[in-house]
1. Within the set of pairs 6+ apart or on separate chains, which have a first residue in the stretch 4-16 that is on the phi < 0 side of the Ramachandran plot, a second that is more than 13 Å from the ligand (Cβ to nearest atom) and of a type in the set (A, V, I, L, M, F, W, C), and C-beta atoms under 7 Å apart?
2. Among the numbered criteria (1) in contact (Cβ under 8 Å) with a residue 40 or more places away in the chain; (2) under 25 Å from N192 (Cα atoms), which one does A74 miss?
3. Does E101 fit the bill of being free of Cβ contacts under 8 Å to residues at least 40 places away in the same chain and within 11 Å of the ligand (Cβ to nearest atom)?
4. Test V189 against the stated conditions and say whether it is touching a residue at least 12 places away in the same chain (Cβ under 8 Å), under 14 Å from K155 (Cβ atoms) and of a type in the set (V, I, T).
5. What are the pairs with Cβ atoms under 8 angstrom where one residue, in the stretch 257-284, is of a type in the set (V, I, T) and the other, located anywhere, is buried (at least 18 other Cβ atoms within 10 Å of the Cβ)? Sequence gap at least six, or different chains.
Amino acid sequence: MATLGNPKNTIEILNKYSFVFQKRFGQNFLIDEHVLNKIIAAAEITKEDMVLEIGPGIGTMTQYLCENAREVVAVEIDNNLIPILKNDTLAAYDNVTIINEDILKVDIAKLVEEKNGGKPIKVVANLPYYITTPIIMGLFEAHVPIKNITVMVQKEVAQRMQAGPGSKDYGALSLAVQYYAKPYIAANVPENCFMPRPNVGSAVIRLTLYEDAPVKVKDESFMFKLIRASFNQRRKTLVNGLTNAADLSLKKDDVTAALVKMGLSETVRGEALTLAQFAKLADELK
Ligand code: SAM
């Protein structure tokens, strides 16, 4: 079995199977041992853990996970990678299950129930960048029992997930992520750590899920509608942004009154509000 995580053995496997990269699946395989060790350390993987890996590729990170975790489930969409994983790079491990499926179609909560008795798992992935947000938000919104999600994402996306009020990166994604989890950027990863090289910078971010939401709100989905509407029209004041949003049908006077009651200026912009303030505003306007 070839030990992956370096260019030589990666090229050997790709040639052996005449593998053709599929751009549409966001395939950029890791070839740097140092980065792989950083991901395993950031995810705090132990022999107690069940880990879900999204998109194992040729099994590079999966090998590291199999060595460090109790059990690994790897979900890969590309049929051409399955024989490589099963017959070659992961053949020596008896603690891995490979599922040939689109991750967005997998019932992950059911998987956690079957494989881990419903106890929280860890998710680790070098994500296909074209579906980063649907994958992460899907895990949060389905309330899958998860301790942490440690993923390689586009650098700008990691910055947006971690940003706070007042920063140019702060927006709907920051608030959505921070409602469910505490973000921590563990590493910035340059293009030359991948094969082929992506044309964007990357970062490893760990999202540690909260057992209880950090803010209380009566209607979660209404709060997220308010958040989306405020950042849709970033240049406008919050009052205008919210009253222009067709799916909210809010009156200008009501929004102004709510802001004043909260001690905020009538001309405040959405990007100045914290998650707790959005929660309060949602409760005021509901
Ligand atoms: N984990 C490997 C590594 O680090 O070398 C590969 C990472 S590569 C960036 C993303 C992987 O996700 C590819 O193997 C790709 O085929 C797979 N993938 C893309 N879309 C997927 C989906 N919807 N469901 C499951 N896997 C997917």
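1. Note: pairs meeting the criteria are N9/A2; E12/A2; I13/A2.
2. Just one mismatch for A74, condition (1).
3. Criteria met by E101.
4. Working: touching a residue at least 12 places away in the same chain (Cβ under 8 Å): yes; under 14 Å from K155 (Cβ atoms): yes; of a type in the set (V, I, T): yes.
Answer is yes for this residue.
5. What qualifies is T267/T237; T267/V239; V268/T237; V268/L238; V268/L259.
Any read-out appearing in this document is the output of simple, stated calculations on the displayed coordinates, not a laboratory observation. All values reported here derive from a predicted model rather than from experimental measurement. Because the Cβ atoms are built from the backbone with ideal geometry, glycine has one as well, and the counts that use them run over all protein chains shown.
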